[in-house]
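These notes are about the structure you will find just below.
The values are calculated or read from the model by the stated rules, or taken from the named source; none is laboratory data. All values derive from a computational prediction rather than experimental measurement. All Cβ positions, even for glycine, are placed from backbone atoms using ideal geometry, and neighbour counts span all protein chains on display. Accessible surface is based on the protein model in full, side chains and every heavy atom, while ligands, DNA and RNA are left aside. Shrake-Rupley method; radii C 1.70, N 1.55, O 1.52, S 1.80 Å.
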Amino acid sequence: MVDLQLFTPLIRYSEPEEGEPQTIHPNKEQLSRRHAIIPDQPSENQETSSQGCCSSDNVIIVPHVQISPNESHLFNRAISSGGGLLADLQRATIASQAFYAEASEPQKNRSPWILKRLYEWSGRAKRREIIKHVQAALETSKDHEIEDDELEKLLPVSYEEMFLGDETSTLPPSKQKYLQAVWELFHTELVFLYRQLFVLRDVYKEPLKRCQVEGCLLLVEPDLLFGNLDQLCRISRTFCQSFLSLLSTVDKEVWDCTQLVVDLFERFSKGPSTISAYQAYCINYKATMEYLGSIRQKEERFTEFERICLADERCFRLQLEDLLIAPLQRITRLPILLREIHKRSEDEESKGKVEKVIDTMTESLRSIDDSVQWLHNFERLQQLQTQVVWPNISELEPKSYIPDFLRVALSRQFCENLLAHPRRKLIHEGPLELVENGRTVDMYAFLFNDMFVLTKTKKCASKLKVKGVPLGKSEHYIVQRQPVPLDSCVFCDADSNDQATPMSLKFAFVIIHLTRYYQVVGIYTLQAADKADKELWIEKFQESIENYESIQLKDMLKCTPLFSSLSLRRCSSSRLMSKSEPNSPQLPKEDGKEKKEKEEKKECCSSSTCNQNQ
């Protein structure tokens with residue numbers, strides 16, 4: 001064991017001045033074991049080294065290091081460790097040099113450039129991860145349980161190869177155009193199935209779901225984005241298979257495909273989920289596009305996902321919006337293809353059958369369109385119900401006295417939930433100017449199928465928040481006048497350029513509000529922005545009044561005995577015309593005077609529209 005007392009004379013501590021750290025100066029003879037570049041010290045060091053009694057082999061070299069007085073124990077601890085004395089001391093020396101070198105440097109803040117590079121590196125890593133998952137999903141996205149290779153082989157087949165083969169020249173040109181129209185019905189459905197529906201499923205939907213299994217793009221909802229896509233794939237595939245199965249029953253000598261078309265669309269239309277599937281997709285299309293826009297703003301990696309999917313060769317450079325709108329375009333194109341078959345048909349009987357199919361499809365499309373319009377209208381009504389503010393009775397009639405027991409009940413209007421009704425329809429809306437007291441006031445008007453409402457716009461702070469951040473200001477509509485029922489109003493044209501009047505009316509019209517007792521309780525003189533806007537308001541008003549009167553008359557007749565008497569009279573008159581029952585009782589004919597009185601009475605009970613041209 002090495003005697004530690006032998007090392008005490010090797011290191012000389014010079015008395016430092018106040019505030020100056022101690023400096024360790026090893027003897028020059030101690031450098032025989034280590035060739036270090038140390039400046040020569042005065043002769044005083046040599047005298048001190050000669051007093052030592054240890055050999056040079058047992059000498060430990062301490063390099064030129066500046067340390068503070070209270071930290072010299074690091075070296076003493078390293079020296080007294082024993083065993084691998086030199087290696088331990090060297091490690092301690094290197095560590096202490098690094099420590100004090102870092103301590104001596106001033107602290108520096110992290111550069112924003114470094115943080116930016118770190119953010120870019122993390123973004124690149126995320127993109128590489130997305131690319132890896134999407135590419136792996138695209139390679140295995142084909143569903144062999146639904147795919148039909150026989151149908152896919154028919155994509156490049158023309159109508160000559162499908163119907164005629166080598167007998168093309170034997171048929172007249174009119175028959176060839178007829179077969180081409182029938183072939184186009186099948187071929188466009190096949191292209192729709194493989195180039196749009198299957199691409200939307202195999203290139204976008206399935207890879208998205210596989211990425212979510214791997215933990216990516218978890219904020220995206222595939223059901224909200226793609227809807228009932230799988231159901232549409234099955235319907236389209238069944239349509240193509242039914243066409244091929246019915247084609248085998250067609251007479252090859254005559255090539256009359258009328259019964260094929262009739263049977264095909266009977267299967268297509270009678271299915272309980274066929275038209276309803278397209279109807280559901282069309283209804284949800286608007287919400288799908290809004291959701292797609294929000295996802296692109298919130299999820300940056302979804303944009304990268306779209307870019308990778310777009311590069312797939314199966315897309316044919318079709319973007320996601322082009323594929324999502326394909327079912328709407330397909331269902332609206334079917335009547336056009338049927339009309340082309342009807343045009344090329346030669347037999348009148350065949351034309352009659354195809355025309356019935358066209359009427360059925362047109363009616364189905366009309367029901368789909370009505371459903372879409374009703375949904376959009378109802379969504380707008382629900383939005384307006386939250387934005388329209390109905391002032392209470394104390395604000396409308398400040399001079400009226402309200403008993404204390406009714407103040408709470410009358411603090412709100414009972415019609416706050418009036419607008420969002422399934423049978424109500426918003427016909428038209430827009431800004432108008434209300435003329436009152438010789439000046440104009442900006443208003444915003446709503447014309448429904450049963451009433452007219454005048455409001456003022458007001459921007460209020462929105463209470464809705466997204467991720468804790470308020471959405472800002474939203475528009476509210478303060479009701480300024482009592483709603484005017486369309487069955488209790490008179491609509492007049494009121495343009496005036498008379499110089500004698502204090503103000504000229506341009507593009508103006510007047511609405512007179514009547515009670516059920518024909519008392520005038522309000523008159524509103526309104527000005528439109530231009531002539532086209534005024535004509536549009538007049539047109540919408542007239543249509544709304546006429547439709548409301550007809551609906552109201554039907555509802556009234558159904559609830560009164562008059563409806564049964566009219567039905568009886570209609571049945572009796574039909575019997576008289578047919579003369580099938582000669583002994584049936586005949587109703588007395590009305591003379592001209594009674595008929596005229598009834599017409600005048602009907603005009604008094606209904607609202608009128610008067611045009612006043614000055």
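Residues in the stretch 284-322 that are farther than 30 Å from residue 376 by Cβ and of a type in the set (Asp, Glu): 300, 304, 312, 313. For the stretch 211-262, filtering for residues that are loosely packed, with under 13 Cβ neighbours inside 10 Å, in contact with an Asp or Glu (Cβ under 7 Å, 6 or more places away or on another chain) and in a helix (DSSP H, G or I) leaves 0. Taking the criterion of being surrounded by 14 or more Cβ atoms within 10 Å (Cβ to Cβ), without any contact (Cβ under 8 Å) to a residue 60 or more places away in the chain and among the basic types (Lys, Arg), the only residue of the stretch 316-341 that qualifies is 339. Keeping to the stretch 167-209, report how many residues are open to solvent by less than 10 Å² (accessible area, probe 1.4 Å) and of a type in the set (Gly, Ala, Ser). Summing the residues that are open to solvent by less than 10 Å² (accessible area, probe 1.4 Å) and of a type in the set (Gly, Ala, Ser) in the stretch 167-209 gives 1.
Report, ordered by the first and then the second residue, all pairs with beta carbons closer than 8 Å, sequence separation of six or more or different chains, a first member in the stretch 369-381 that is touching a residue at least 24 places away in the same chain (Cβ under 8 Å), and a second member that is open to solvent by less than 30 Å² (accessible area, probe 1.4 Å) and in a helix (DSSP H, G or I). Short answer, once both residue conditions are applied: 371/282; 372/282.
Of the strands (runs of 3 or more DSSP E) entirely within the stretch 423-522, those holding at least 2 residues that are among the charged types (D, E, K, R) and either exposed (fewer than 13 other Cβ atoms within 10 Å of the Cβ) or modelled with pLDDT of 90 or more (or both) occupy 426-436, 439-448, 451-461, 473-479. Across the stretch 270-307, the number of residues qualifying as under 24 Å from residue 231 (Cα atoms) and open to solvent by 70 Å² or more (accessible area, probe 1.4 Å) comes to 5.
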